[in-house]
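Shown next, in structure tokens, is the structure this report addresses.
The values are calculated or read from the model by the stated rules, or taken from the named source; none is laboratory data. Remember, predicted model here, so these are calculated numbers, not experimental data. In this analysis, Cβ positions are derived from the backbone assuming ideal geometry, glycine residues included, and neighbour counts consider all displayed protein chains. Remember, those area values only see protein heavy atoms, side chains included, never the ligands or the DNA or RNA. Shrake-Rupley method; radii C 1.70, N 1.55, O 1.52, S 1.80 Å.
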Amino acid sequence: MADNLQRRRIVVNGIVQGVGFRPFVYNLARRYGLVGTVSNTSAGVEIEIEGIDLDRFENSLKNDLPPQAVLSSFATEVIPLRNYTEFSIGLSRGVGRVSTQIAPDLAVCPDCLRELFDPDDRRYLYPFINCTNCGPRYSIVTGIPYDREKTAMRRFEMCDDCRAEYEDPADRRFHAQPNGCPECGPRISLCGSDGREIAGAEQVVARAAGLLRDGGILAVKGLGGFHLACDARNEETVRLLRHRKNREEKPLAVMAADLEMARRLCRLDRDEEGALLSPAAPIVVAAARGDNGIAPSVAPFTDKLGVMVSYTPLHHLLLREFGGPLVMTSGNLSEEPICIDNREALARLAGIADYFLVHDRDIYMRGDDSVVMKMAGRIRPLRRSRGYVPRPIPVNGDGPRVLAVGGELKNTVCLLKENQAFPSQHLGDIKNLEAFGFFKEGIHHLQEIFEVEPELVVHDLHPDYLSTRWAGEQGILPVLAVQHHHAHLASCLAENRHDGPAIGIILDGSGYGQDGTVWGGEILVGDFSGFTRYGCLEPMPLPGGDAAVKAPWRTAVAYLDMAFEGNLPELPFMADHDLGPIREMVRKNINSPLTSSCGRLFDAVAAMSGGRQTIAYEGQAAIELMEAAGRGGKEPAYRWDIISIDDILYPGLRALIRQVAEDVASGISQAIISRRFHRTLIEMLVGAAERVREQTGLDTVVLSGGSFNNYLLLEGLIGHLEGKGYNVLVHRQLPAGDGCLSLGQAVIGRSWLLNNHR
Ligand code: ZN
Ligand code: ZN
Ligand code: FE
């Protein structure tokens, strides 16, 4: 027997801190009668293990992980025996480079939830109950290794009971860093908008629920920031909230107390329910039930509703007490980042919220709720934030470290380190100073937590984005500009661990093109090292540039003017507008840049066919046009053509626009027009892919860009392309919109460095 006695040092990496990993190792060692130590180090979790049959231990270590743990590397070596007598958990030490990862914030687990409502439990109704399987993580961390001293919990001294749990390896709260109880942990309080406390700890939840029932608007401090909450069934209050928040029509998310309540609001399938109850607890955009009692102003002009289920203990207490669904929207003014600090919230939200439900556990890193939707057979993110970040996206290969700063709208930044990419949470539209501040915070926090010193900063080709300017002004590292749609292509390749080259069908609203025009309906061929533009939607004029983006009717007039060469047919939508100035701008080419944008094509068709004339939020016209199509109907596509000029393919828009106009003129319904239009666009893009395949022999197609949040387009293109034998790659972990850009920029940047540019 003694022959087999051995000691090994095992170092593992991945998400192994803050997920109950050390107690798991401890219990495993005890089960197999082994001795040694386990400790968190900044190089990973280090285990020294001594005894007989260590292979069995290693196998269990890899295969029976705690639910939230993820192993990304595993190194083992035999070392000299030291004849320990027991297994112990060592102190954390900072050693050299940091390589373990912080877990995302986790929804309260079933065990904690049971205790929360158990009158005999010492944490009965305690709003901060958590354990190694649940609770705050990324949002409360200031650095690693993940220990209480480096979290917002450092100012709370544990009481004897909590400490005993914390130190007992058999306990579910063993080394649960946010551990606390009513005696020693964070507390809630309720204040008016003047900051004065109006209820003590015991009555807070009941008072808050009462204020909500009376139509009050409540700011609630959550995991990644403040929410604004109100009764989702009270139309008057919802309207007031929209008015105060300056948010006109963009749908508001609703929080349900539990799955039962969510099911009464939306028709949910198994995947959607799974997402709702997952530890990430995102907002799931699903089919709204007609009779769900939700006020019309919550999600006007759409048949979908964004719903989530309570994910913190405080939400559970509040929702249970309130007894119905609550609007839960980011605590901010429209377009600004979510508030995290109590004083900041009081200052910035005073004009919106009547009351503030706050607590004294600080949030270090803000993060909005994530948003997902089931499209093309699986749950896909529309916004990747709380609950997912900072989980890495594994990528192929290794190389220099790169920081990519993304684009402008729905922005993220991304750090690339070894074979992993770390996209930040959704940072919003980097157009105003507040959002730009959040952008800088995001970069700082990512670098801090991962201790990454990049060799290169990558930014978008657009010279005027604040992210581009930041890259140019940081003044330390070399910078590289990457074309927007190339970044989309590379992002989707990288996420799918495909090195390319591939055909990219990249469809979105806009991105700065290499020729200085606005691109957005692109047929590219490329990989991480470069790309060629094989084609694009036939360029059309955009009268007034950005002004047209907000007013789809302008785009419609311009496209019609082009399509009919000035001889416009009379269509109903024209009655409400002054067409002259727009037509003059187009004809004289005044401030009417050409664009191949797919988003603008949707806008034009939407406005022509009686849809949105002006929009209240990005993508609104296109979303409503898509929803108008419904799911039925077998109407044929319009006739289409692809023009080839100087080796560039142009899926033709003029013929398409003319046929849409004919249908509109003859009173065909928008539902039918929408279906024919979607079908035509799909056939035309597949036709373009076929031409590119003939030329290049490539049969892998990448689909990326914000237009692929349109499930009809996504599902239609996947179906048609796969039917013709293509290997189709789409996003699964990142949004197809501009939230994915930073990953693409990062892998392109690394490739650039590796190709002799260092
Ligand atoms: Zn728990
Ligand atoms: Zn305690
Ligand atoms: Fe884009």
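So the values come out like this:
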item: Residue list for the range 672-697, filter: hydrophobic (A, V, I, L, M, F, W, C) and open to solvent by 30 Å² or more (accessible area, probe 1.4 Å); result: Ile672
item: Every residue from the range 306-329 that is within 20 Å of Ser189 (Cα to Cα) and either of a type in the set (A, V, I, L, M, F, W, C) or not in a helix (DSSP H, G or I) (or both); result: Ser310, Tyr311, Thr312, Leu314, Leu317, Leu318, Leu319, Phe322, Leu326, Met328
item: Extreme residue, farthest from the chain's Cα centre (by Cα), among residues of the range 380-400 that are open to solvent by 40 Å² or more (accessible area, probe 1.4 Å) and of a type outside the set (Asp, Glu); result: Gly397
item: Output for the range 415-441, where each listed residue is open to solvent by less than 50 Å² (accessible area, probe 1.4 Å), touching a residue at least 40 places away in the same chain (Cβ under 8 Å) and assigned to a helix (DSSP H, G or I); result: Ala435, Gly437, Phe438
item: Residue selected from the range 196-227 under the condition surrounded by fewer than 24 Cβ atoms within 10 Å (Cβ to Cβ) and touching a Lys or Arg at 6+ places or on another chain (Cβ under 8 Å), by the criterion nearest to Gly293 (Cα to Cα); result: Ile217
item: Subset of the range 1-26 (residues that are β-branched (Val, Ile, Thr) and open to solvent by 10 Å² or more (accessible area, probe 1.4 Å)); result: Val11
item: Matching residues in the range 502-524 - criterion: being open to solvent by 10 Å² or more (accessible area, probe 1.4 Å) and either within 16 Å of ligand 1 (Cβ to nearest atom) or of a type in the set (A, V, I, L, M, F, W, C) (or both); result: Val518
item: Strands (runs of 3 or more DSSP E) within the range 591-707 that include 1 or more residues free of Cβ contacts under 8 Å to residues at least 24 places away in the same chain; result: 642-645
item: Qualifying residue in the range 145-156 (condition: assigned by TED's automatic domain parsing to the domain that holds Leu277 and within 16 Å of ligand 1 (Cβ to nearest atom)); result: yes
item: Any hit, the range 542-562, residues being under 18 Å from Ala622 (Cβ atoms), basic (Lys, Arg) and open to solvent by 10 Å² or more (accessible area, probe 1.4 Å); result: yes
item: Any hit, the range 725-737, residues being surrounded by fewer than 24 Cβ atoms within 10 Å (Cβ to Cβ), aliphatic (A, V, I, L, M), within 16 Å of ligand 3 (Cβ to nearest atom) and under 28 Å from Leu461 (Cα atoms); result: yes
item: Pair list, Cβ under 8 Å, 6 or more apart: the range 18-47 residue in contact (Cβ under 8 Å) with a residue 60 or more places away in the chain, other residue among the aromatic types (Phe, Trp, Tyr) and open to solvent by less than 10 Å² (accessible area, probe 1.4 Å); result: Gly18/Tyr146; Gly20/Phe174; Arg22/Phe174; Pro23/Phe174; Tyr26/Phe174; Asn40/Tyr146
item: Residue match in the range 172-181 (condition: modelled with pLDDT of 95 or more and over 27 Å from Phe87 (Cα atoms)); result: yes
item: Hits in the range 496-517 (condition: within 16 Å of ligand 3 (Cβ to nearest atom) and over 23 Å from Ile682 (Cβ atoms)); result: Tyr512, Gly513, Gln514, Thr517
item: Ala232 out of contact with any Lys or Arg (no Cβ under 7 Å at 6 or more places or on another chain), under 30 Å from Tyr138 (Cα atoms) and in the same structural domain as Met328 (by TED's automatic domain parsing); result: yes
item: Filter pass, Gly331 being at pLDDT below 95 and of a type outside the set (Phe, Trp, Tyr); result: yes
item: Number of positions in the range 92-117 that are modelled with pLDDT under 80 and closer than 30 Å to Pro313 by Cα; result: 3
item: Any strands (runs of 3 or more DSSP E) falling wholly within the range 27-128 and containing at least 3 residues that are open to solvent by less than 60 Å² (accessible area, probe 1.4 Å), away from ligand 1 (no atom under 16 Å from the Cβ) and closer than 21 Å to Arg148 by Cα; result: 35-41, 44-51
item: Top-ranked residue of the range 139-179 - restricted to ones that are among the aromatic types (Phe, Trp, Tyr) and open to solvent by less than 10 Å² (accessible area, probe 1.4 Å), ranked as farthest from ligand 3 (Cβ to nearest atom); result: Phe174
item: Scope the range 341-360; condition in a loop (DSSP other than H, G, I, E, B) and open to solvent by less than 20 Å² (accessible area, probe 1.4 Å); matching residues; result: Ile352, Ala353
item: Criterion (out of contact with any strand residue (DSSP E or B) (no Cβ under 9 Å at 6 or more places or on another chain) and in contact (Cβ under 8 Å) with a residue 60 or more places away in the chain) met by exactly one of Ser491, Ser529, Ser510; result: Ser529
item: Residue within the range 182-191 that is surrounded by fewer than 18 Cβ atoms within 10 Å (Cβ to Cβ), over 31 Å from the mean Cα position of the chain (by Cα) and farther than 30 Å from Val327 by Cβ present; result: yes
item: Hey, Glu694 closer than 21 Å to Cys536 by Cα and more than 30 Å from the chain's Cα centre (by Cα) or not; result: yes
item: Some residue of the range 253-270 being part of a strand (DSSP E or B), open to solvent by 10 Å² or more (accessible area, probe 1.4 Å) and assigned by TED's automatic domain parsing to the domain that holds Met365; result: yes
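Quick grid of which residues meet (1) at negative phi; (2) in contact (Cβ under 8 Å) with a residue 12 or more places away in the chain; (3) of a type in the set (Lys, Arg); (4) more than 15 Å from ligand 2 (Cβ to nearest atom):
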position	(1), (2), (3), (4)
Arg173	yes, yes, yes, no
Cys181	yes, yes, no, no
Arg187	yes, yes, yes, no
Cys191	yes, yes, no, yes
Glu197	yes, no, no, yes
Val204	yes, yes, no, yes
Arg207	yes, yes, yes, yes
